[in-house]
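Peer 1: Just passing along the structure, written as structure tokens.
Nothing in this text is a laboratory measurement; each read-out follows from the coordinates by a stated rule. Since we're looking at a predicted model, the values are computed, not measured. Note that each Cβ is placed from the backbone with ideal geometry, even for glycine, and that neighbours are counted across all protein chains shown.
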Amino acid sequence: MKLLCTYSLALLAATALAKLQITLPNTHTEWQPGNMEAIKWKTIDGDLKGKMSIELMEGSDPSNLNSVTTIAENVPANSLQAFWSVPKNLKNSGNYAIKVVDEN
């Protein structure tokens, strides 16, 4: 993410529910601090069931990211979207990613 009041996101998706693809944000998305932003996904293989958590990760090495904050918990996987109010005090970085985790 960039530090000029916008945030670019890289993406990760890890879930045992079914294969999914995060469709929004994508690698070119920039988010404004203080705005309500959508996170959307679609199924690739199988039905999405159960609950999942969505986390904001950060780091320059995609294989070694640190958790910054939990964006949402107990999200119904089949809802295919969640919304998040981007904190105004979130540090600017070009190295944010979204992580989706099966809560089971």
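Peer 1: Can you pull the one-decimal nm distance between simple spin-label points at Lys51 and Ser67, each 7 Å off the Cα toward Cβ?
Peer 2: 1.5
Peer 1: Quick one: grab the alpha carbon gyration tensor of the range 37-104, order the square roots of its eigenvalues as a ≥ b ≥ c, and give me rounded if a/c is under 1.5, else prolate or oblate depending on whether a/b is larger than b/c. Don't skip to the answer; put the middle values down first.
Peer 2: Values: a/c = 2.18, a/b = 1.60, b/c = 1.36.
Cα axes put the range 37-104 in the prolate bin.
Peer 1: Using a 7 Å offset from the Cα along the Cα-to-Cβ direction at both Lys19 and Phe83, what is the distance between the two label points in nm, to one decimal?
Peer 2: Taking the simple label geometry, Lys19 and Phe83 are separated by 3.2 nm.
Peer 1: Dipole size in debye (nearest 20) for the range 30-104 around its Cα centre, Lys and Arg Cβ +1, Asp and Glu Cβ -1? Present the calculation step by step, with values, prior to reporting the outcome.
Peer 2: Details: 7 positive and 10 negative charges, 40 e Å.
Its charge dipole is roughly 200 debye.
Peer 1: Still on this model: Could you give the length gained on full extension between Asp102 and Gln32, defined as 0.36 nm per residue of separation minus the Cα-Cα distance, in nm?
Peer 2: Values: separation 70, 0.36 × 70 = 25.20 nm, distance 2.75 nm.
This chain segment gains 22.4 nm when fully extended.
Peer 1: Beyond 24 Å between alpha-carbons counts as too far, so tell me which of Lys42/Lys99; Lys19/Lys51; Lys51/Lys99; Lys19/Lys88 fall in that bin. Show your work: numbers first, answer last.
Peer 2: On the way: Lys42/Lys99 14 Å; Lys19/Lys51 14 Å; Lys51/Lys99 14 Å; Lys19/Lys88 32 Å.
As for pairs spanning more than 24 Å Cα to Cα, those are Lys19/Lys88.
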